[in-house]
Amino acid sequence: MKMGKVVLVGAGPGDPGLLTIKGRQAIEQAEVVVYDRLVSQAILNLIPEDAERINVGKESANHLVPQEGINRILLEQALEGKRVVRLKGGDPFLFGRGGEELELLAEHGVPFEEVPGITSAIAAAAYAGIPVTHRDYCSSLHIVTGHQRAGKPLDIPFDALVNTKGTLVFLMGVSALENICEGLLKAGMEPDMPAAVVEKGTTPAQRPILATLATLPREARARQVKSPAIIVVGRVCALSPQFDWFDRLALKGRSVIVTRPKERAGTLADRLRALGADVTEFPCIRTVPMEPCTQMEQAVEKIDEYQWLVFTSPAGVSTLMAYLDRIHRDVRALGRIRLAAIGPGTDRELRKHGLRADLIPQVYDGAHLGQALCDAAPEGRVLILRAQWGSPALTDALERCKISYDDIRCYETEYTCPETEQVRTLLEQEPAPVVTFTSASTVTGFVSALKGADLSGITAACIGEQTRAEAQKHGLHTITAEKATMDALIQRIVEGGSQWN
Ligand code: SAH
């Protein structure tokens, strides 16, 4: 039987954007993923749907798999011939026991690779505005484990560390914080040496606490710091108030639920995360091409009879392109037809196929698209390829100006019902989350997936009027983008944010 392979991947400290490109490729190709507690949901979402997921870090249910157990799982899966990814927080070889996990594999001749990750020791400090080295302050960095075995004294060479005059970062040190600070003081470090704790670094829940070596334990206790957190000791900590960029982001700490279909959620979610938002992806609709779609097939055969081809969403474009591909044809099958797109997102989808919209209305909705077509005064017939439940606003406008058209339904919107547990918990938190809606169908999908939940606290951030109308029908509190684009929607959420904070 063919031998599998194990790739040890560092998932980074929490912010999913800090996963490496190589790490992401390994995850996307995995057949089995063995992961830890500290790996973020957004990274777990990259695991292919048909891959097996093995959680070896379920501490809450007392399911924590002992190290030997993990080693054995990796070996067994690889011997079954599978591509195994072992996902670990931060960097696998920095206090991650990555070395131990490779030993058994090496003994059995199982091939493996290691993809380094960004360590919390550097990244959590960086996100709190602390550069771990700075020419004016220090010339070395020391990363130390603060893990203390029960009943044993800390085994840390405090004198040597203090003598280096370098920056000190302690991992796994929350419970030993007092002993660590005391050890450094006893070894002669000044009590007013700047020091910090960064809890849940690089995540939306990041909490930095700045103090001095003498006051840090008290401050941390008063604010009930919990693991995971790093402890940083050194003069570089004094730079934090000046460089603390992450906690100043416009949506820092704000919880946002993104309801787009899975394949389109990525960019909106990433952009909100880049603004510091705590994003949960909750795809409650998906578009499914209608197959076969005889009407569309016939329209393609007589495409010369049409002057305009109209798309009201990216899904219309991809449905048509997928069909052309299936019959071994390409965009040339569309001849010289003119193209209309409801907005820039649909135009972007056209551009992926080397096409460009000739017409995009000023306001991105059906009524304005219809009016823009009227203004273009077509001489020939108009072909519309859109969703089964498309709004009548577009065709009403065409009828008013007596344009002849074929309105062909080529894909359906399906409501999917993902796991709702995580979202239900978010709904109970204060302040309640913002939920983004990029079409009326995402509203319907969201509301029906969450039957029985109290939605009165949430803010529904809607892309346009139709979406807003649907949200109001369900009694949701709404804010609406000034223009139906992702930019405007994000802008609106940020503006709303200044009132919330
Ligand atoms: N391999 C990991 C470290 C594993 S040891 C890495 O390179 O980051 C676990 C310790 O890492 C925790 O006790 C904590 O000190 C630190 N840690 C991990 N993630 C963290 C985060 N998001 N913020 C602060 N500290 C973190």
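The values are calculated or read from the model by the stated rules, or taken from the named source; none is laboratory data. Please read all numbers here as calculations on a predicted model, not as lab measurements. Methodologically, a virtual Cβ is constructed for each residue, glycine included, from the backbone with ideal geometry; neighbour enumeration extends over all protein chains shown. The protein model used for the area step is the full one, side chains on, heavy atoms only, and it has no ligands, DNA or RNA in it. Shrake-Rupley method; radii C 1.70, N 1.55, O 1.52, S 1.80 Å.
Judged by the ratio a/c of the largest to the smallest principal axis of the C-alpha gyration tensor, segment 419-460 counts as oblate, that ratio being 1.5 or greater while a/b is no larger than b/c. The alpha carbon centroids of segment 331-370 and segment 128-173 are separated by 58 Å. Atom-type composition of the exposed protein surface of the chain places 49 percent of the accessible area on carbon and sulfur (1.4 angstrom probe). Restricting segment 396-501 to GluC sites (Glu not before Pro) that sit in a DSSP loop and have at most 14 other Cβ atoms within 10 Å of their own Cβ leaves Glu419, Glu428, Glu482. Calculate the length of the line joining the C-alpha centroid of segment 65-87 to that of segment 288-303, in whole Å. Their Cα centres are 48 Å away from one another. Here the relative contact order of segment 66-141, from alpha carbon pairs under 8 Å that lie six or more residues apart, stands at 26 percent. Computed from backbone phi with θ = phi - 60° and the Karplus coefficients 6.51, -1.76 and 1.60, the 3J(HN,Hα) list for segment 413-418 is 9, 10, 8, 9, 10, x Hz; x is used for glycine and proline. From most to least packed by mean Cβ count within 10 Å, the peptides 336-343, 23-30, 183-190, 148-155 give 336-343, 23-30, 183-190, 148-155.
Normalised per residue, the accessible area of segment 403-501 is 49 Å², obtained with a 1.4 Å probe and no contribution from ligands, DNA or RNA.
Let me make sure I get this right: for segment 285-342, a, b and c are the square roots of the gyration tensor eigenvalues over alpha carbons, sorted descending. Under 1.5 in a/c it's rounded, otherwise prolate if a/b > b/c, else oblate. Which is it?
Oblate is the answer for segment 285-342, as a/c is 1.5 or above yet b/c matches or exceeds a/b.
Each Cα pair under 8 Å and six or more residues apart adds its sequence gap; the mean of these over the residue count of the chain is a relative contact order of 10 percent.
Is the shape of segment 85-160 rounded, prolate or oblate, going by the alpha carbon gyration tensor and its root eigenvalues a ≥ b ≥ c, with a/c under 1.5 for rounded and a/b larger than b/c for prolate?
Verdict is oblate for segment 85-160.
For Phe311, Phe243, give the ranking by accessible area with the largest first, probe 1.4 Å. Numbers along the way, then the final one.
Working: Phe311 0, Phe243 85 Å².
Correct descending sequence by accessible area is Phe243, Phe311.
Per residue, the average separation of C-alpha pairs within less than 8 Å and at least 6 apart gives segment 238-363 a relative contact order of 18 percent.
Straight-line reach from Lys473: taking Cα to Cα under 28 Å and skipping same-chain neighbours fewer than 8 places apart, the lysines in range are Lys262, Lys451, Lys483. Residues Phe112, Phe93, Phe170, sorted by accessible area with the largest first, give Phe93, Phe112, Phe170 [1.4 Å probe; ligands and nucleic acids excluded]. 3J(HN,Hα) couplings calculated from phi for segment 472-480 with the Karplus curve 6.51 cos²θ - 1.76 cosθ + 1.60 (θ = phi - 60°) are, in sequence order, 5, 4, 8, x, 7, 7, 10, 10, 10 Hz; Gly and Pro show x. Compare the Cα positions of Gly370, Leu324, Thr346 along the charge dipole of segment 303-414 (+1 at Cβ of Lys, Arg; -1 at Cβ of Asp, Glu; about the Cα centre) and return the one farthest towards the positive end. Projecting each Cα onto the dipole axis, the largest value belongs to Leu324. Toward the positive end of the charge dipole of the chain, with +1 on the Cβ of Lys and Arg and -1 on the Cβ of Asp and Glu, the farthest Cα among Cys284, Ala176, Ile360 is that of Ala176. Over segment 156-278, accessible surface divided per residue gives 44 Å², non-protein components excluded, 1.4 Å probe.
Pairs over the 26 Å Cα-Cα cut-off, from the set Lys22/Lys252; Lys22/Lys82; Lys88/Lys226; Lys5/Lys226: Lys22/Lys252; Lys5/Lys226. Sorted largest first by accessible area at a 1.4 angstrom probe radius, with every protein chain in place, the residues Thr346, Thr287, Thr294 fall in the order Thr294, Thr287, Thr346.
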